[in-house]
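Read through the structure below, which is laid out as structure tokens, and then see the notes.
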Amino acid sequence: MWVRIKGGNTMHTHVHRALAAVIAGALAIILARGIAAEGQSPVSTTRGQSLTLDLSYQAVPSDNDPWHHLALTWQALVRQKTGGRIQIRLYPGGQLSGGNQQKEIELLQNGSIQAAIFPSSTLTVIDPRLQVVGLPWIVPTPDAATRVIEGPLGQQTADWLRAKGMEPIALGSNGFRQLANRKRAVLAPGDLEGLKIRVPGSQVLVDTWKALGAEPTVVNFAELYTALQQGAVDGEELPFVYKLSTKFYEVEKYATRINYSFDLIYVVVSKKVWDSVPAADQELLRSTAVLAAKEERAFLDNGETRVVNELQSHGMQVTILTLAQIKPFQAKVRPVYDEFAPAIGKNIIRQWLKSSGR
């Protein structure tokens with residue numbers, strides 16, 4: 001039996017000026033509850049008929065959050081291009097999976113969740129080759145990240161996911177992961193000793209922090225603020241924007257810009273749902289998702305300085321490491337490449353190193 005879970009509220013926000021003319025006035029949404037009847041297709045429609053697609057994601061509905069920004073932009077573009085015939089309904093904050101990212105993946109694969117936004121670090125649990133994305137400093141710069149997203153390497157990762165019950169229709173950026181904690185400033189690897197650092201369910205990130213001398217701890221994103229507040233963990237390594245959008249500055253004092261790992265994000269549709277959508281609507285959903293993902297990348301890239309300034313205004317001490325200061329960290333994680341080469345594939349790692357000019 002295919003079960004469709006729904007819930008709702010009304011939300012709105014402003015979006016990047018580059019798409020303001022297209023999406024102005026289109027960001028209010030009304031969500032309804034319901035259950036699909038047994039025996040129905042996940043999406044019942046023919047070309048020209050109405051279609052509603054529910055989009056799940058773990059991020060909170062904040063003006064500063066790039067996932068939420070992507071979702072709102074995609075929703076508005078689809079509504080504008082179809083005159084409201086196709087609706088994207090938003091379920092932020094892990095509403096459809098109880099905040100459990102592993103469960104969210106499973107529900108999408110079986111069609112109970114129709115569409116979702118996932119980071120590559122979370123999806124490593126269904127294809128270990130995706131661990132290549134998060135290898136420490138394998139994507140060292142924003143230019144290298146753009147080459148991945150827009151080139152054959154990004155497409156290669158999407159192909160891996162197609163074999164796992166999902167259809168990736170757009171790639172975005174989750175940015176570079178940065179350290180923050182509530183105990184002390186971190187300027188050298190020795191400063192990490194004894195710090196319990198939250199990581200997502202990615203073994204490559206767990207082992208990277210072990211190599212750096214910290215104590216990595218896997219915690220669901222939805223539970224992270226409380227874990228920091230109660231001292232279950234000392235810090236986390238999410239991009240700066242999430243420290244702001246989730247108000248981690250209230251429970252952490254010290255941040256370090258280290259750019260140690262990059263994350264792709266994917267807009268994905270359950271294969272069971274995607275196969276029931278007419279080809280013309282598939283193309284419209286894909287093309288608008290690509291535009292929304294490009295806007296999300298611009299939103300993220302253009303906002304970093306502002307985000308850092310805002311974090312500092314809230315009392316967070318932000319340290320920007322130089323390349324010379326980063327090198328001792330890089331030296332400690334070299335064994336991580338060898339450790340994960342069998343699971344990822346040596347040729348894949350070589351391709352990614354070559355793309356980044358190494």
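Condition check ((1) in contact with a Pro (Cβ under 6 Å, 6 or more places away or on another chain); (2) of a type in the set (A, V, I, L, M, F, W, C); (3) at pLDDT 95 or above; (4) closer than 12 Å to ARG257 by Cα) across all residues:
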{"residue": "THR288", "(1), (2), (3), (4)": "no, no, yes, no"}
{"residue": "GLU295", "(1), (2), (3), (4)": "no, no, yes, no"}
{"residue": "ALA298", "(1), (2), (3), (4)": "no, yes, no, no"}
{"residue": "ASP301", "(1), (2), (3), (4)": "no, no, no, no"}
{"residue": "ASN309", "(1), (2), (3), (4)": "no, no, yes, no"}
{"residue": "GLN312", "(1), (2), (3), (4)": "no, no, yes, no"}
{"residue": "VAL318", "(1), (2), (3), (4)": "no, yes, yes, yes"}
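Among the residues of segment 148-196, just one is within 21 Å of GLN109 (Cβ to Cβ) and in contact with a Gly (Cβ under 6 Å, 6 or more places away or on another chain), namely LEU171.
When each of PHE299, PHE262, PHE340, PHE329 is tested for being assigned to a strand (DSSP E or B) and surrounded by 15 or more Cβ atoms within 10 Å (Cβ to Cβ), the lone residue that passes is PHE262.
Being over 14 Å from TRP137 (Cα atoms) and surrounded by fewer than 16 Cβ atoms within 10 Å (Cβ to Cβ) is the requirement here; does LYS346 meet it? Yes: the conditions hold for LYS346.
Being of a type in the set (Phe, Trp, Tyr) and under 18 Å from the mean Cα position of the chain (by Cα) is the filter; apply it to segment 237-253 and report the residue that is farthest from THR122 (Cα to Cα). Steps first, please.
From segment 237-253, those of a type in the set (Phe, Trp, Tyr) are 240, 242, 248-249; that's our starting set.
Checking which are under 18 Å from the mean Cα position of the chain (by Cα) leaves us with 240, 242, 248.
Details: PHE240: 18, TYR242: 16, PHE248: 20 Å.
By that ranking, first place goes to PHE248.
Looking only at residues of segment 122-178 that are in contact with a Phe, Trp or Tyr (Cβ under 7 Å, 6 or more places away or on another chain) and among the β-branched types (Val, Ile, Thr), we find that the one that is surrounded by the fewest Cβ atoms within 10 Å (Cβ to Cβ) is ILE138.
May I ask you to list pairs of residues, at least six apart or on different chains, whose Cβ atoms are under 9 Å apart, with the first in segment 298-318 being within 22 Å of THR73 (Cβ to Cβ) and the second being basic (Lys, Arg) and modelled with pLDDT of 90 or more? Sorted first by the residue in segment 298-318, then by its partner, the pairs are VAL307/LYS243.
Just give me the residues in segment 232-257 being assigned to a strand (DSSP E or B) and surrounded by fewer than 23 Cβ atoms within 10 Å (Cβ to Cβ), in sequence order. Full working, then the answer.
Step one: list which residues in segment 232-257 are assigned to a strand (DSSP E or B), which gives 235-236, 254-257.
Scanning segment 232-257 gives TYR254, ARG257.
Of all residues in segment 303-326, those being surrounded by 14 or more Cβ atoms within 10 Å (Cβ to Cβ) and in a helix (DSSP H, G or I) number 7. Among the listed residues VAL204, VAL218, VAL199, which satisfies the condition of being surrounded by fewer than 16 Cβ atoms within 10 Å (Cβ to Cβ) and closer than 24 Å to GLU104 by Cα? Answer to the check: VAL218. With respect to the numbered conditions (1) of a type in the set (Gly, Ala, Ser); (2) in contact (Cβ under 8 Å) with a residue 60 or more places away in the chain; (3) farther than 14 Å from LEU135 by Cα, which one is the sole condition not fulfilled by ALA324? Condition not satisfied by ALA324: (2).
The values are calculated or read from the model by the stated rules, or taken from the named source; none is laboratory data. Computed from a prediction, not measured in an experiment: that's the story for all the values here. Virtual Cβ from ideal backbone geometry, glycine too; neighbours counted across all protein chains shown.
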